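Peer 1: Let me begin by handing over the structure; questions about it come next.
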Amino acid sequence: MTTPKIDIYTKFTCPFCVRAKRLLSNKGAEFNEFDISMGGPKREQMIARAPQARTVPQIFIGDVHVGGSDELAALDASGELDALLAG
């Protein structure tokens, strides 16, 4: 089984982004980070993928829009994150 692609949209000096990236790294997950501090096409891509999202981080695991750092931590606390990361 292959692991799902993980994308995380972040901004420079965002403590919630650091927390989310740390959690994913501690799980051994590899992820693509897109810094949208200055806006640009990646910010537009994030909004296209999650139209209601205006804060960072925004995390996508495979086809699932997880949401932000709090949602990621809640998935971990419930035990659902490991299954999601396993694909």
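Peer 1: Quick check: the angle from helix 69-78's long axis to the longest principal axis of the chain, C-alpha only, nearest 10 degrees?
Peer 2: Taking the Cα atoms of the chain, the angle to 69-78 is about 10 degrees.
Peer 1: What residue among 59, 36, 47 shows peak mean-square fluctuation when the chain is described by a Gaussian network model with Cα springs under 10 Å?
Peer 2: Between 59, 36, 47, it is 47 that shows the largest mean-square fluctuation.
Peer 1: Please list, short to long, the whole-number percent of alpha-carbon pairs of the chain in consecutive 5 angstrom bins beginning at zero.
Peer 2: 3, 15, 29, 26, 17, 8, 2, 0
Peer 1: Okay, next question. Aspartates and glutamates near residue 42 by alpha-carbon distance under 14 Å, same-chain residues fewer than 8 away left out - which ones?
Peer 2: List returned: 7, 33.
Peer 1: Here's a follow-up. If you count only protein heavy atoms with a 1.4 Å probe, what accessible area per residue comes out for the chain, rounded to a whole Å²?
Peer 2: For the chain, the per-residue accessible area is 60 Å².
Peer 1: With the full set of protein chains in place, find how many percent of the accessible area of the chain is carbon and sulfur; take the probe as 1.4 Å.
Peer 2: 53 percent
Peer 1: How much of the DSSP beta bridge set in the chain is antiparallel, as a percent to the nearest 5?
Peer 2: If I count the DSSP bridges inside the chain, around 65 percent turn out antiparallel.
The values are calculated or read from the model by the stated rules, or taken from the named source; none is laboratory data. Small disclaimer: the values here were computed from a predicted structure and weren't measured. Only protein heavy atoms, including side chains, enter the accessible area calculation; ligands, DNA and RNA are left aside. Shrake-Rupley method; radii C 1.70, N 1.55, O 1.52, S 1.80 Å.
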